[in-house]
Amino acid sequence: MAGDVRGAALMPPLGAQDLVEIHELLARFGHVFDNGDADGMGEVLTEDGVVEGVIGAGYTISGLPAAKESTRRRRPDTPEHNTVGTIVFVDAQGVVRARSRYLAPFVDGSVHAGDFFDILRRTPEGWRISYRISVPRRPALPINPPPPEFFDAWRPRAGDLGVSRGDAATVQLVDNAPRTTGTRCG
């Protein structure tokens with residue numbers, strides 16, 4: 001589940017440049033997906049990345065090849081995703097997480113809004129999303145949400161690191177993102 005940190009590796013604290021790169025990455029995901037840029041998915045998602053959604057019965061897209069194929073099949077009526085209000089932190093287990101709001105206008109002018117919950121990994125090519133789940137807030141839609149305890153991992157607590165505070169603290173970065181598969185999406 002969300003607190004699982006198997007395969008963690010030591011890394012230095014996040015700095016201001018990391019935060020800039022992470023914010024750009026999260027914004028770029030919407031551009032890549034909304035523009036049907038299947039090849040661009042490799043610039044935003046790890047090879048083993050997982051993207052989940054909870055509308056209706058939910059869905060799970062596992063791995064970069066599946067994400068590229070899903071992006072190629074993007075429907076013309078898919079809303080345009082705008083990522084806003086992002087917070088980035090390193091939790092007590094050393095997992096780099098981001099929680100963002102999204103606003104997604106449809107062609108007819110109506111707006112869909114919700115939250116993205118991301119786990120991020122620094123790769124040799126830069127920051128990538130290793131896990132993302134999209135949970136709508138408005139309008140009220142039939143959803144199959146994660147269990148309530150899932151959201152606890154995306155609530156920063158006192159002491160969670162964001163920007164380096166100039167101390168010798170180090171954090172761990174998860175190599176294997178937690179999956180909610182088996183709890184609701186499939």
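Going through the range 15-42 one residue at a time, which ones are charged (D, E, K, R), in a helix (DSSP H, G or I) and open to solvent by 30 Å² or more (accessible area, probe 1.4 Å)?
Here is the first cut: in the range 15-42, the residues charged (D, E, K, R) are 18, 21, 24, 28, 34, 37, 39.
Add one more test, that the residue is in a helix (DSSP H, G or I), and what stays is 18, 21, 24, 28, 34, 39.
Residues satisfying the conditions are Glu21, Glu24, Arg28, Asp39.
Each row is one residue, and each column tells you yes or no for (1) surrounded by 14 or more Cβ atoms within 10 Å (Cβ to Cβ); (2) modelled with pLDDT of 90 or more.
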residue	(1), (2)
Gly49	yes, yes
Ser62	yes, yes
Pro76	no, no
Pro79	yes, no
Asn82	yes, yes
Thr86	yes, yes
Arg101	yes, yes
Quick count over the range 118-136, residues being among the acidic types (Asp, Glu) and over 12 Å from the mean Cα position of the chain (by Cα), is 1
Which count do you get for residues in the range 103-126 that are open to solvent by less than 50 Å² (accessible area, probe 1.4 Å) and either among the acidic types (Asp, Glu) or in contact with a Gly (Cβ under 7 Å, 6 or more places away or on another chain) (or both)?
2
Which members of the range 134-151 meet the condition of being surrounded by 12 or more Cβ atoms within 10 Å (Cβ to Cβ) and within 16 Å of Asp91 (Cβ to Cβ)?
Phe150, Phe151
Just to be sure, is Gly56 closer than 24 Å to Pro145 by Cα, exposed (fewer than 14 other Cβ atoms within 10 Å of the Cβ) and in contact (Cβ under 8 Å) with a residue 60 or more places away in the chain?
yes
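The values are calculated or read from the model by the stated rules, or taken from the named source; none is laboratory data. As the structure is a computational prediction, the values presented were derived from the model and not from experiment. With ideal geometry, Cβ positions are generated from the backbone for all residues, glycine too; neighbour counts draw on all protein chains shown. Ligands, DNA and RNA are excluded from the accessible area calculation, which covers all protein heavy atoms including side chains. Shrake-Rupley method; radii C 1.70, N 1.55, O 1.52, S 1.80 Å.
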